[in-house]
Each structure stands twice: as structure tokens, then as C-alpha cells.
Amino acid sequence: MTRPLALVVDDEPDIRELLEITLGRMDIATRAAATLAEARTLLTGHDFDLCLTDMRLPDGNGIELVEHIQKTYPDTPVAVITAHGNMESAISALKAGAFDFVSKPVDLHMLRNLVSTALKLAEDQARTPRGATLNLLGTSSAIKKIQETIAKLARSQAPVYISGDSGVGKELVARLIHDQGPRADKAFVPVNCGAIPSELVESEFFGHKKGSFTGAVADKDGLFQAANGGTLFLDEVADLPLHMQVKLLRAIQEKSVRAIGAQKEVAVDVRILSATHKDLAALVEGGEFRQDLYYRINVIELHVPSLRERAEDIPLLAHHILAQLGHGGGTPAPSLSDEAMQALQRYSFPGNVRELENILERAITLCEGNVIRDSDLQLHAGAPAASAEPAEADTAPALEPYLDTVEKEAILKALEQTRYNKTAAAKILGITFRALRYRLKKLGLD
């Protein structure tokens, strides 16, 4: 088997030697260059699997080399070596297409992790992406563009900020970026930043030591440690309290974390993906979100379009959702009448794909004869989406929890009367067996 070949570009002989020795111990062959011109000459004569380049070179800079390789040898990942603490250079390199960066003085453990991750990219070219089980459904030009962008972003380690309305599938996009990249065999750790109490957020992210505070009865790893080697997805990142934004920024820049009560920081190798349905730039303007953290997580922005912007995808999505809802139920999935499909395509979906799923799940419980009709969709009960605020799209009215409670009590009473015979219970309730099955699932009684 042929050894991987790396190009090392640095004008300092000691750094070149250190990098070559380190890569040699990883069974990687190297070619070295001291200038941009020498690097370009070597690139024309060899098929490199990886390039490591210093940012400052006698006849140019590392970003020029990144751009040259991106244009001429797009399958070769490039990592840039930056001065310690110079995050502006690191971010500029990532924006130009660098795979990742490492700061001087070079941490050899972090360097080996970076190199191993980069070399996996070449291996992944020859096989089907491991994220093939997940898919961003649609044939619209907007979705095709996102699918192409995801494939490109999967080859980088740059932080990605995923924007879009509630319910458009931002977490699915994040999972696809992870699953199609070299970290796919490691953990994908999603966290809803708005769901963690502010007094616990530091412990959740960084972990804690036993006895470090009241209730800390044992050592606990944080989310960064759980995602080590993989991807940490910060959903609703705009909801992070300001004091935590400072600590998160440091963790991302230093690539290390310190648990509460610990004496030392621990290096972590984590790719950061983040998302929110809020206008993060406006929050920065208003002083509610730190500008330095915003620039750090928003190296590359990927906007996911709303469902009303790609109405031509609704039939494909609807058929897929119905097939998923009917899977394993023992009966064929219901179909949509022409009138029902037209109604869906006219509706503007304030809750996007998530709302489409909810509408179809409800329609399945109401339909008769295995055909969903216009009236089964109950679209008139939804808000006119064009004027709805995205943040309110997923907020249930106060009546809904009450109705769920009443429904749950009625179903439990019918099940008790029939000694948990679901067919008999459905008859008592005056609904179909399928309707009962989906109500049980929805209410968490299955």
C-alpha cells in the first residue's frame, strides 16, 4: 500500500524538520518547500494527500497557497499554521478554503489528530458517503444548491453557521455535514442551548469535578468531551447567556476546555456547527450576542430556505412523510387526494417541514378509506404563515396541552374498559384503529 504524501511549506528549517519527523512517525512521506514558488513547483510534480503551510512565507502567504490549491487541486486538504492567538488569520484561511489550522507553538497531539482527519477525506472519496441513510429531500434548485454546498462543507473543518426559520431542517443539515465528512465515525452531539438552565450551562459544556459545587457527587464530562473527535452542534446558539459566550469563545479558539474544579485544561478536537432561527447579526448589533463569538462561529454561513420558498418539493416531502408515518403499522400508508395536495401547495407553512409533518400526522388520524382529503388537513386552523413570526411558529396555543390531557384520559379509560384491547378501545372511542395507534404514539402512550 502506497504511503500518503504530504507537502510541508515553511521558511523555518526547524519547523519543517519537526513537521517532517512527526509525519514520518505516522508513516507519511513528505516533500518540503521554503517558499510559495517552491511549493507550486512541487505541486505540479506530485500527487499530494495533504498540505501543511505556514501563514507567512518569504514570497507570499499561506492564504495564497490555499486559494491556489483550492482552484487547481481541490481534492487536497490544506491546513494552515498560524501565530499563536492570531484568530483573524485562522478565520481568513478557513474562509479561503483551508481544511483546518494549527497554532504555533505546534501541539503535536493536535497536529496528529488534524492530519489523521485530513487523510480520511481521501479514503472517503472512494466510497459512498456514510450519511446516505439521511437525505435532504427535494428537487428544487434551492435544495440542489444546499446539497452541493453540504458536500463541500463536509470536506472542511471550518465552523458553519446554519440559518433559517424554525422547522426547516437545520439539525438535519448539520447531521449531513457531519455524516458526509471525515468525522462520521465519531460522535455527533446536538445541544439545544436554550434548554439548559443558565446556572448549569458551564457544567454541561465543560464538565465538572466531584465536589466542585453542591450536588457535584461525581466527576462528569461535558458536551465538548462527549463530542471529542466528532461534531458539536449548537442549536439555538443565540440563547446562550453572555457569560457563557465568553467561555465558549475561548474553548473554540484554544481547542481546549477546563472542567469546573479542574486544575488544568484538556485539549479537545471538536468541529463546531451552530444554528438559530433568530437574526444573529441583529442580536450582535443590539449587544445581546458577542461580536467576536459571532465571527468565530460564522466562518461560513449556510441558509436553509423555508418550505414556502420551495413549494415544488411539497409533493415529494408529503409522500415521504406519509410512508414514514405508516411504516411498520401493518397497513399501507394513506394517499393524498388531488384536492388535498393542491391545498398543501397553496399553504405557506409558518412551521415549515416540521409543520407539514404535524399536519399529515393529524390527517392520518382523521381520514377514512385510506385517502386524506382537503378537510382532513384542517389547514384553516393554522395561522396565515406569511405574517407569522418564525419564533412563534412552533408555539402551541394554551388550549392544546389541556386538550391533550383530556384526550389522554379518554383513551386510558377506554383501554382500561377493554383490558387494553386496542381494537375494542378504538370502537368505544368512535375512531379507527389507525387513528388510535397514532394518537397513542403522539401522546406518548404507546
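Summary of values
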read-out	value
Nearest-0.05 FRET efficiency for Leu443 and Ala187, computed from C-beta distance (R0 30 Å)	0.45
CD proxy at 222 nm, helix term only [per DSSP H run n ≥ 4: -39500 (n - 2.57); per residue of the chain; nearest 500]	-13500 deg cm²/dmol
For Ala216, distant residues with modelled amide H under 5 Å away	Gly211
Environment charge at Tyr294 (Cβ cut-off 13 Å; Lys +1, Arg +1, Asp -1, Glu -1)	-2
Spacing of the two label points (7 Å from each Cα toward its C-beta) at Arg250 and Glu171, in nm	3.0
Dmax and Rg, reported as Rg then Dmax, of segment 304-361 (C-alpha, Å)	11.5, 35
Environment charge at Glu202 (Cβ cut-off 13 Å; Lys +1, Arg +1, Asp -1, Glu -1)	+3
DSSP bridge orientation in the chain - percent antiparallel, rounded to nearest 5	15
Size-normalised alpha-carbon gyration radius of the chain, reference 2.2 N^0.38 Å	1.17
Cα centroid of segment 52-84 to Cα centroid of segment 336-363, whole Å	48
Listed peptides 53-63, 347-357 by packing density, highest first (mean Cβ within 10 Å)	347-357, 53-63
Per-residue HN-Hα couplings for segment 148-163 [Karplus 6.51, -1.76, 1.60; θ = phi - 60°; Hz; x = Gly/Pro]	5, 5, 4, 4, 6, 5, 5, 8, 10, 10, 5, x, 10, 9, 9, 10
Rounded tilt (10° steps) of 62-72 against the dominant C-alpha axis of the chain	60
Kirkwood Rh, angstrom, segment 3-76 [1 / mean 1/r, Cα pairs]	12.1
Nearest-0.05 FRET efficiency for Glu64 and Ala311, computed from C-beta distance (R0 45 Å)	0.55
Cross-link partners of Lys247 among aspartates and glutamates (Cα-Cα below 19 Å; sequence separation of 8 or more within a chain)	Glu88, Glu199, Glu202, Glu204, Asp221, Asp235, Glu236, Asp239, Glu265, Asp269, Glu288, Asp292
Cα gyration tensor shape of segment 1-127, rounded if a/c is under 1.5, else prolate or oblate by comparing a/b with b/c	rounded
Rg [Å, one decimal], Dmax [Å, integer] - segment 229-333, C-alpha atoms	19.8, 60
Using alpha-carbon coordinates, inclination of helix 36-45 to the longest axis of the chain, degrees	70
Over segment 1-84, relative contact order from alpha-carbon pairs under 8 Å, at least 6 apart, %	31
Whole-Å semi-axes of segment 163-302's equivalent ellipsoid (Cα gyration tensor)	24, 19, 14
Accessible carbon and sulfur surface of the chain relative to its total accessible area, %, 1.4 Å	50
Segment 204-288: relative contact order as a whole-number percent, Cα under 8 Å and 6+ apart	35
Cα-based helix-to-principal-axis angle, 13-25 vs the chain, degrees rounded to 10	50
Per-residue HN-Hα couplings for segment 411-421 [Karplus 6.51, -1.76, 1.60; θ = phi - 60°; Hz; x = Gly/Pro]	5, 4, 5, 5, 5, 5, 5, 9, 6, 6, 8
Between segment 172-228 and segment 231-265, the Cα center-to-center distance that results, in Å	10
Residue-level accessible surface for Asp219, protein heavy atoms, 1.4 Å, Å²	100
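The values are calculated or read from the model by the stated rules, or taken from the named source; none is laboratory data. Keep in mind that this is a model prediction, so the values were computed, not measured. Methodologically, a virtual Cβ is constructed for each residue, glycine included, from the backbone with ideal geometry; neighbour enumeration extends over all protein chains shown. The area values use the complete protein model at the heavy-atom level, side chains included, leaving out ligands, DNA and RNA. Shrake-Rupley method; radii C 1.70, N 1.55, O 1.52, S 1.80 Å.
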